[in-house]
Amino acid sequence: MREPEVVIAGCGVISAVGCGVEPLRAALQNNASGLRAAEKFSAPRFQSNIAGAAPRNPDIDDPAWFLAAEALRQARAAAGQILAAVPAGKTGLVLSTTKANIEALERIAAGRPCSESARRHLRADLLAADLAADHGARGPVQTVSVACVSGLVAISQAARLIRRGAAEAVLVIGVDCLSDFVVSGFTALKALDPQGCRPFDRDRCGLSPGEAGAAVVLVRADRMPQSAVTVRAFGGSNDANHLTGPSRDGSGLALAIRAALTAAKISPSEIDYIHAHGTGTGYNDAMESLALKTIFGEACLPVSGAKGMLGHTLGAAGVVETIACVLAMENNFLPGTPRLSLAAEGTPPGLVREPRTVARLKNVLKLNTGFGGMNGALILSHV
């Protein structure tokens, strides 16, 4: 029996460029950056204070819940009656995060007030369970935490739940919040760009941390009254190279891309646009460029990335950047690469600097890589 197709019925996001899908769409179409100086992360303790902070009350002691719940509220509203028609027992939830509500540890260590819910949401599984209970998802509930590939894996896991009949709709949420813990970690690795990240730029020298809540509602395609973006295929791999450094030749990411193309039953020439991981670190950008050359050769395929706009949102990255792809596909434009000035040698020849309109985007490849050597490739289609 043929597996059902899975489509995206609704999206929601809160990020460095604002609260809602429309601010993200506008930022993508205008190549705007939401990176700003954050006094909290100033020197000498931190290597850089440039970050992608989402709009939220700094006194909220459970920011992971706030960001996730807001994104999920938006996505459910966008899905409307399509989601409402799915029984609660057939509605699942998959949470993607690397740190959950890590800020609670900072409050506890400093002797600052910390609510019971904030302490509870230090555990990603309990954060997922509470989101599911609050939003009426009584089907399967899963938590994914595989570094910065978490979002793509979560979307893939959700699609599998639907394809095998365990659910008819799945809420996918990606969330991570800015914290001393995260920024201190990247400072220790000397991985932050003091001027803000510049993916694929000749003078790039690191990433910029970001935070976001992002959510998509996946449903069985026959529940959609109109055409929608399809979650077509996923490919994953592991470099088995280093705890924090990617394989220098890009072979692991290339393997993931091949797996996704094979699963989708399409050739490299059928991909219309690639949304890169593009952290702005030298090793990652170079590795990603080599992987793309391995699969696509010298083809001038459009490639761009959004971390110069949003920062690196860790467990939310795969979900918020997938939403960026959906917006590009629905509105027929190629997003640019914010903060790119002069492309580094060896970067993809089709690197898109400024947004531009196109006639159509049928197949889009979304890439993410992460610590531990994780690689993910997601193919989205819009017929």
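All of the numbers you see were taken from the coordinates with simple rules; none came from a lab. All of these numbers come straight from a predicted model, not from anything done at the bench. Here the Cβ is made from the backbone with ideal geometry for all residues, glycine too, and neighbour counts use every protein chain on show.
Each residue of segment 237-253 was assigned a 3J(HN,Hα) from its phi angle through the Karplus expression (A = 6.51, B = -1.76, C = 1.60, θ = phi - 60°), giving 7, 9, 5, 6, 10, 6, 4, 10, x, x, 4, 5, 8, x, 5, x, 5 Hz with x at Gly and Pro. Sorting the segments 298-306, 218-226, 144-152, 193-201 by their mean number of nearby beta carbons within 10 angstrom, highest to lowest, gives 144-152, 193-201, 298-306, 218-226. Here the relative contact order of the chain, from alpha carbon pairs under 8 Å that lie six or more residues apart, stands at 24 percent. Between the C-alpha center of segment 235-275 and that of segment 321-383 there is a gap of 14 Å. Here the dipole of the chain is about 500 debye; that uses its Cα centre as origin and unit charges on the Cβ of Lys and Arg (positive) and Asp and Glu (negative). Amide H contacts of GLY280: PHE200, ASP285, each under 5 Å away and 5 or more positions distant or on a separate chain (H built 1.01 Å from N in the peptide plane; Pro and chain starts excluded). Once the C-beta distance of SER267 and ALA77 is scaled by a Förster radius of 35 Å, the resulting FRET efficiency is 0.40 to the nearest 0.05. Restricting the calculation to Cα atoms, every distinct pair contributes to the Kirkwood radius of segment 230-381, found to be 15.1 Å.
Mean-square fluctuations from a GNM of the chain, with a 10 angstrom spring cutoff on Cα atoms, peak among HIS135, HIS312, HIS275 at HIS135. For segment 6-223, averaging the sequence separation of C-alpha pairs within contact (under 8 Å, six or more residues apart) and dividing by the residue count gives a relative contact order of 32 percent.
Extent along the principal axes, Cα only, for segment 47-197: 48, 32, 23 Å, with the longest axis given first.
Of the DSSP beta bridges with both residues in the chain, give the percent that are antiparallel, rounding to the nearest 5. It would help to have the intermediate numbers written out before the result.
On the way: 40 of 60 bridges.
Beta bridges within the chain, antiparallel portion: roughly 65 percent.
Checking the cross-link pairs LYS90/LYS366; LYS40/LYS99; LYS99/LYS362; LYS265/LYS307; LYS190/LYS307 against a 24 Å limit on the alpha carbon distance flags LYS90/LYS366; LYS99/LYS362; LYS265/LYS307 as lying beyond it. In percent, rounded to a whole number, the relative contact order of segment 230-381 is 38, using alpha-carbon pairs under 8 Å and six or more apart. Measuring from centroid to centroid over Cα atoms, what is the spacing of segment 11-73 and segment 93-152 in Å? Each part reduced to its Cα centre gives a spacing of 18 Å. Inter-label distance, CYS300 to GLU3: 3.7 nm, where each label sits 7 Å from its Cα along the C-beta direction. Over the chain, DSSP H runs of length four or greater, each weighted -39,500 (n - 2.57), average out per residue to a 222 nm ellipticity of -10000 deg cm²/dmol. Between THR357 and LEU126, the simple label model (points 7 Å from Cα in the Cβ direction) yields a spacing of 5.2 nm. Against the empirical 2.2 N^0.38 Å (N residues), segment 1-128 has a Cα radius of gyration ratio of 1.28.
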